[in-house]
Every structure is written in structure tokens, then in C-alpha cells.
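First comes the structure, then the notes that go with it.
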Amino acid sequence: MKFFEDIAVGERHELGSRTFTAEAIKAFARRYDPQAFHLDEEAAARSPFGALCASGWHTASAWMGLMVRYQRRADDERRARGEPVAELGPSPGFRDLKWLKPVYAGDTVSYAMEVVDKRPSGSRPNWGLITIRNTGVNQKGEPVISFDSVAFVERRERAA
Amino acid sequence: MPQLYWEDFTPGRVFEHGPHRVPRAEMIEFAAEFDPQPFHLDEEAARATMFGGLAASGWYSCSVLMRMMADAFVLDAASMGAPGVEEVKWLAPIRPDDELHMRASVMEARASRSRPDMGFARIRYELFNGAGELVMTLVSSLMIGRRGAAGGAA
């Protein structure tokens, strides 16, 4: 992760994409979201969604998986250049999560993040808080998910 | 057939569910796929972080809360899914093998203007750990079929 001071409001990162197979959709749903339209093709065909689709939590969790791996690759490159690497801390939460369209079996979602705000942490002087807008679009270019999350990022200038 | 329709989600109604155990192996398996940060994967590495020990990924917590909602009432309801989530707050770490309890309180119910066969219920969820501490809150609206409407239920 970049240090808090080096992060600019407006910077955008393409995080990569993930294909949601019917098998993965059902495996996630069996454990965490066993509604019929996430589990069974025939029941899904009769549902308001019209076909098997991923749990919204599956679509959202996949964003996190790609974000963490993207930052890890960037950190590896920083280390290879001999640059220091900042720590990404915990997140207090997120808001305005919208599942804009169903993610159907076979869909590929490409995810991105954009920094929309940054501020020093009032309670933890070694950390700053960034707000990021996270989005996913399917293979047709249609937005399927969007949310704004907050995360702690380490500061370069540590308080004594 | 669904037991619960939009008309049953009256403001003030509370659904409780628990205990729901979050096994260490499941927490780590989830993190390995969806949130592979050291403090979600490895006890030793987690000790040196702000978490002070292995903690569940917030996305695992959301997914577990979804499962608890499903078991508490969603699977019995004429659920048509949810358009999104207004807000999630991760207030305290969820630890391996803890037993969680959920309280879901209906805050508001409104009929859909465009879809006479359904309505929205705005619900606040609170998730407590085994010691009774509030670890997470979530506010979200559920789309639910109306009683007597054709179709509606999945």
C-alpha cells in the first residue's frame, strides 16, 4: 500500500476481473445465502431474476479478494524497487452498497476503486483514513455493483 | 410456500436468531479466497496488528449475517432480494469459534409505487458476539412480495 501522504484524491485503479461460474455461485450460496435463486437453475428461472445469479455478498466479497491481491502485487513491486511499503489497516465499514444488476452464471465482473476522500485519523495519529468508491461492471459494460468504503492507511510521518 | 409477506414486516417487529458459530476453519477458508490479509489468516501475524489476534474478514461477517437473516426469516418470506445496503459498521473484531446472535428490527415499511405486487421493509440488523458485545450493524431494505399478489415468491 502507498503511504497515506502519497495517496491522491481522484486516483483510480483497475483491480482485475472475476468470472462467476454456476458452481462457484452455488457453493457460496449453500453456505452463506441459500435463497433458491442462488442455488437452483429451475427455481431461479421462476424467480424475479429469471436465471441463476450470484449472492450480492459473493459479488462484493470478490471485490475485496481482487483489491487485496492488487495491493499485494503493487507492494511486491515497491519492495523490488527498494521502497518502503505502508500497511493497510482495518476498515470501519462501508455505505451506499448498490446491487445494480444481477450477476448471472457465466458473467465476468471487472472491478475498480477510486479514492474520493482522505483525512487524518483523529484517534490514531499513525494512521489516515481514505474513502474509496468501488465499482464492478459486467462483460457488457453494465455496472452491477457500487459502494463507498473507508479504510485506515499507515502514515509516513509517524507521531512521536 | 412463503409464510411471511410484506404485510408481516410491520415497523417495530423484531426477529432474533442465534447462536450461530463461526468456526476458525471456515473464517480462514473465506479469507484465503476473498480477503487474504495476514490478520484474517494467521494467528501469529495477527497478534502484531491493530486487531491483536486473528479476526474475521468484514466480508465474512456480512456473509454470515446474510446466512443468519436467511435462517431467521428470509427463507420463510416471499423475498425478492435486496437493492443494496445503506450502511455497514464493523465495530469490533469477530474472533474464531465465537457464537453470534442477531437482532433484526423492522424500522419502516412502504409499498412499491411501481410494483403493486411488492413492498420494501427497511431493517436494522445488530450482530452480537458470545459476550453480548455489539460487533456489527447493518441497515438494508428487503423487497418482499405482498400477500395475495400473483407470483412474487421464489
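Please treat every number below as a calculation from the coordinates, not as lab data. None of these values were measured; they are calculated from a predicted model. Don't worry about glycine lacking a Cβ; one is built from the backbone with ideal geometry, like all the others, and counts go over all protein chains shown.
Relative contact order of the stretch A:4-154: what whole-number percent is it, with Cα pairs under 8 angstrom and at least 6 residues apart?
The normalised contact order for the stretch A:4-154 reaches 29 percent.
Count the lysine pairs in the protein assembly as shown that are 8 or more places apart or on different chains: how many have C-alpha atoms under 29 angstrom apart?
Eligible lysine pairs with Cα atoms under 29 Å apart amount to 13.
If you line up the long axis of helix A:22-32 against the longest principal axis of chain A, both from Cα atoms, how many degrees apart are they, to the nearest 10?
Helix A:22-32 sits roughly 70 degrees off the main axis of chain A.
For the residues A:LYS140, A:LYS26, what sequence is obtained by ranking on other C-beta atoms within 10 Å, fewest first?
Going from sparsest to densest Cβ surroundings: A:LYS140, A:LYS26.
If all Cα-Cα distances of the stretch A:4-154 are sorted into 10 Å bins from 0 onward, what percent lands in each bin, rounded to whole numbers?
Pair shares across the bins are 11, 35, 30, 17, 6, 1.
Can you put B:HIS101, B:HIS17, A:HIS38 in order of Cβ neighbours within 10 angstrom, beginning with the fewest? Present the calculation step by step, with values, prior to reporting the outcome.
Working: B:HIS101 17, B:HIS17 20, A:HIS38 28.
Listed from fewest to most nearby Cβ atoms, that is B:HIS101, B:HIS17, A:HIS38.
Relative to the longest principal Cα axis of chain B, at what angle does helix B:58-72 sit, 0 to 90 degrees, rounded to 10?
The answer is roughly 40 degrees.
Can you put A:LYS2, B:LYS89 in order of Cβ neighbours within 10 angstrom, beginning with the fewest?
The fewest-first ordering by Cβ neighbours comes to B:LYS89, A:LYS2.
Using Cα pairs closer than 8 Å and at least 6 residues apart in sequence, work out the relative contact order for chain B, in percent.
For chain B, the relative contact order is 31 percent.
Please list the non-local residues whose amide H lies under 5 Å from the amide H of B:ARG21, H modeled 1.01 Å from N, same-chain partners needing a gap of 5 or more.
Placed amide hydrogens put B:LEU100 under 5 Å from B:ARG21.
If each of B:GLU43 and B:ASP117 carries a label point 7 Å out from its Cα toward its Cβ, how far apart are those two points in nm?
Spacing of the two 7 Å Cα→Cβ label points: 5.2 nm.
Averaged over all directions, how much area does the convex hull of the C-alpha atoms of chain B cover when projected, in nm²?
9.5
Other chains near B:59-66: what is the mean number of their Cβ atoms within 10 Å of each residue's Cβ?
Working: counts 10, 4, 0, 7, 9, 3, 2, 10.
Mean partner-chain Cβ count within 10 Å for B:59-66: 6.
Taking the Cα atoms only, what angle lies between the long axis of helix A:56-80 and the longest principal axis of chain A, rounded to 10 degrees?
Compared with the principal axis, the helix lies near 30 degrees.
Two decimals is fine: what's Rg over Rh for the stretch A:27-110, C-alpha atoms, Kirkwood radius as Rh?
Expressed as Rg/Rh, it is 1.14.
Return the Rg/Rh ratio of the protein assembly as shown with Cα-based radii and a Kirkwood Rh.
Here the Rg-to-Rh quotient is 0.98.
Just from its helices, what would the mean residue ellipticity at 222 nm be for chain B, if runs of 4 or more DSSP H residues each count -39500 (n - 2.57) and the sum is divided by every residue, rounded to the nearest 500 deg cm²/dmol? Before the final figure, lay out the partial values.
Working: 4 runs with 35 residues, N = 154.
Only helices count here, giving -6500 deg cm²/dmol.
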